[in-house]
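What follows is a short report on a single structure.
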Amino acid sequence: MRPGPQTRALWEMFSDLLDDAHRYVADLLAGMDARYDLGDGHRFVGTLCPDMKLTLERPDPDVLTAVNRSADLLREGRGPLLDLVDRAEARDAAAAWSGRGSTVTARTGRVDVDALPIRPDGCVARALPTGQDLDTTTLVRALGTWFGQPA
């Protein structure tokens, strides 16, 4: 209880520990810890999309203009393809599903993915890891699984 640099360091350490414990318990209660086996080992696939701050670069005209976070993309009840590095081939592969989903190009903080197709419930269906060549067949198969046959 005595003030000083050692006490302050101890307080900061316990504060960090409690913050991590609080986040862990909150994630358990909110279902954020659930992971569904969708056949892809990437850490985002099968989990709820993390809420990321976004800066729109190429918004879909059907997407809300007031998109500041990834969670905002789910307000319309459509599954977005979140293109984080302006990958034209990812947008082209998803174009056939434009009536059921939206494609949004945006920038965010550091994440290890180039694109995320997200189901309308917020679950990440697939992930295109940073710099990896796009496997169009896998993306099209995932879009067909979650959004049906293209219109």
*Expressed as a whole number of Å, what is the distance separating the alpha-carbon centroids of segment 61-121 and segment 127-151?*
13
*Between LEU17 and ARG110, what length in nm is gained on full extension when 0.36 nm per residue of separation is reduced by their alpha carbon distance?*
31.1 nm
*Got a sec to turn the phi values of segment 48-56 into Karplus ³J(HN,Hα) couplings, 6.51 cos²θ - 1.76 cosθ + 1.60 with θ = phi - 60°, whole Hz, x for Gly and Pro?*
5, 4, x, 7, 10, 6, 10, 10, 5
*Cα-based helix-to-principal-axis angle, 5-30 vs the chain, degrees rounded to 10*: 40
*Say each of ASP51 and ALA71 gets a label point 7 Å from the Cα, pointing the same way as Cα to Cβ; how far apart are those two points in nm?*
0.2
*Provide the FRET efficiency to the nearest 0.05 for the THR7-ASP27 pair, computing r from the beta carbons and using R0 = 41 Å.*
0.85
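Out of all DSSP beta bridges with both ends in segment 35-147, state the antiparallel percent to the nearest 5. Can you show the working numbers first?
Working: 11 of 16 bridges.
Roughly 70 percent of the DSSP beta bridges within segment 35-147 come out antiparallel.
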*Which cross-chain or sequence-distant (5 or more) residues have an amide H under 5 Å from the amide H of ARG69, H modelled 1.01 Å from N in plane?*
LEU54
_Value of relative contact order over the chain, rounded to a whole percent, pairs C-alpha under 8 Å and six or more apart_ = 22
*Rounded to the nearest 500, what is the 222 nm mean residue ellipticity of the chain from helices alone, with -39500 (n - 2.57) per DSSP H run of 4+ residues and division by all residues?*
-10000 deg cm²/dmol
*What is the calculated FRET efficiency for THR130 to ALA88, with r their C-beta to C-beta distance and R₀ = 22 Å, to the nearest 0.05?*
0.85
*Hey, fewest Cβ within 10 Å first, where do THR103, THR55 land in order?*
THR55, THR103
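Computed from the coordinates by the stated procedures, all read-outs in this text should not be read as laboratory data. Nothing here was measured: the structure is a model prediction, and the numbers come from that model. Note that each Cβ is placed from the backbone with ideal geometry, even for glycine, and that neighbours are counted across all protein chains shown.
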